[in-house]
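S.K.: Please read through the structure below; I'll follow up with questions.
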Amino acid sequence: MKKVFLRYATKDDAMFLFELVNDRECRKNSLNSKEITYEEHIQWLNAVLCSETRCQYILMEEEKPIGQGRLERIQDGCRISYSVIPQRRGCGYGKILLELLNNAILEDFQSCVYSYGEVLQKNIASQKIFEELGYKAEKLDTIFCYRKCVRQRVTGK
């Protein structure tokens, strides 16, 4: 496997992210399956890039973008969402991406003590990835919420 790493997304990633978010499989496995317009996407991306509670990353293989991951701090947790380009699905990149996102939480969201991802019950591939990485599932209506501690909670005495 070639060198794989995360980098922060920039405005230059707009088209890559737009095409990935509207990929048929991504829409099918998303909590909101509605196709996203380019205008909506640009508005969303600009907001994410300026946010103190969200961070967008690009998964790189050497110099080629092959996936995306997003973290959003919500209280003391960090919600994870991710996707990999169709040509790299089923090759282990989802697991690598999720591991890298957990590392990014430690650097970029130091107040977060756990990470979680929401996965549709029909999205077996993502369920397996979360479970392989030690996440615990809670069934909620039509989704599983996968949760994992990423650091110890510090309490004052």
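Coordinate-derived values only; no laboratory data. For clarity, every value in this text was computed on a predicted model and none was experimentally measured. Counting neighbours? That spans all protein chains shown, and the Cβs are built from the backbone with ideal geometry, glycine included.
S.K.: Please report, ordered by residue number, every helix of the chain (full DSSP H runs) that is 30 Å or longer along its axis going by C-alpha atoms and whose mean Kyte-Doolittle hydropathy reaches 0.5.
M.R.: Helices meeting the span and hydropathy rule in the chain: none at all.
S.K.: Would you mind ranking F5, F16 by Cβ crowding within 10 Å, fewest neighbours first?
M.R.: The most exposed by this proxy come first: F5, F16.
S.K.: What number comes out for the charge environment of S51, summing +1 per Lys or Arg and -1 per Asp or Glu over other residues with Cβ under 11 Å away? Show your work: numbers first, answer last.
M.R.: Values: positive: R54, R70, R73; negative: E52, E72.
Once all neighbours under 11 Å are counted, the net charge is +1.
S.K.: Taking a cut-off of 12 Å, what percent of all Cα-Cα pairs in the stretch 97-151 are separated by more than that?
M.R.: On the way: 939 of 1485 pairs.
So the portion of pairs separated by more than 12 Å is 63 percent.
S.K.: Now for a separate question. Using the count of nearby Cβ atoms within 10 Å as a rough guide to exposure, how do K34, K28 rank from fewest to most?
M.R.: Fewest-to-most ranking of K34, K28: K34, K28.
S.K.: Let me ask you something else. Where Lys and Arg each count +1 and Asp and Glu each count -1, what net charge lies around I143 among other residues with Cβ under 13 Å from its Cβ?
M.R.: Cβ neighbours under 13 Å give a net charge of +1.
S.K.: Given the -39500 (n - 2.57) contribution per DSSP H run of 4+ residues, what per-residue ellipticity at 222 nm results for the chain, rounded to the nearest 500 deg cm²/dmol?
M.R.: -9500 deg cm²/dmol
S.K.: If you bin the C-alpha pair distances of the stretch 4-149 every 5 Å from 0, what whole percents do you get?
M.R.: Over the stretch 4-149, the share of Cα pairs per 5 Å bin runs 2, 10, 20, 23, 23, 16, 6, 0, 0 percent.
S.K.: At what distance in angstrom do the alpha carbon centres of the stretch 61-88 and the stretch 32-47 lie from each other?
M.R.: Answer, in whole Å: 16.
S.K.: In the chain, which Cys residues have no partner Cys with a Cβ closer than 4.7 Å?
M.R.: So far as the 4.7 Å Cβ criterion goes, C26, C50, C55, C91, C145, C149 stand without a partner in the chain.
S.K.: Restricting to Cα pairs below 8 Å that are 6+ residues apart, what does the relative contact order work out to for the stretch 4-149? Please round to a whole percent.
M.R.: Contact order relative to length: 19 percent.
S.K.: Treat every Asp and Glu Cβ in the stretch 4-149 as -1 and every Lys and Arg Cβ as +1, leave all other atoms uncharged, and give the resulting dipole magnitude about the Cα centre to the nearest 20 debye.
M.R.: The dipole of the stretch 4-149 has a size of about 480 debye.
S.K.: Follow-up question, since we're still on this one. Do any trypsin sites (Lys or Arg not before Pro) in the stretch 36-140 lie in a loop, going by DSSP, with at most 13 other beta-carbon atoms within 10 Å of their beta carbon, and if so which? Display every interim value, and only then the final one.
M.R.: Working: sites: R54, R70, R73, R79, R88, R89, K95, K122, K128, K136, K139; in loops: R89, K122.
Answer by residue number: K122.
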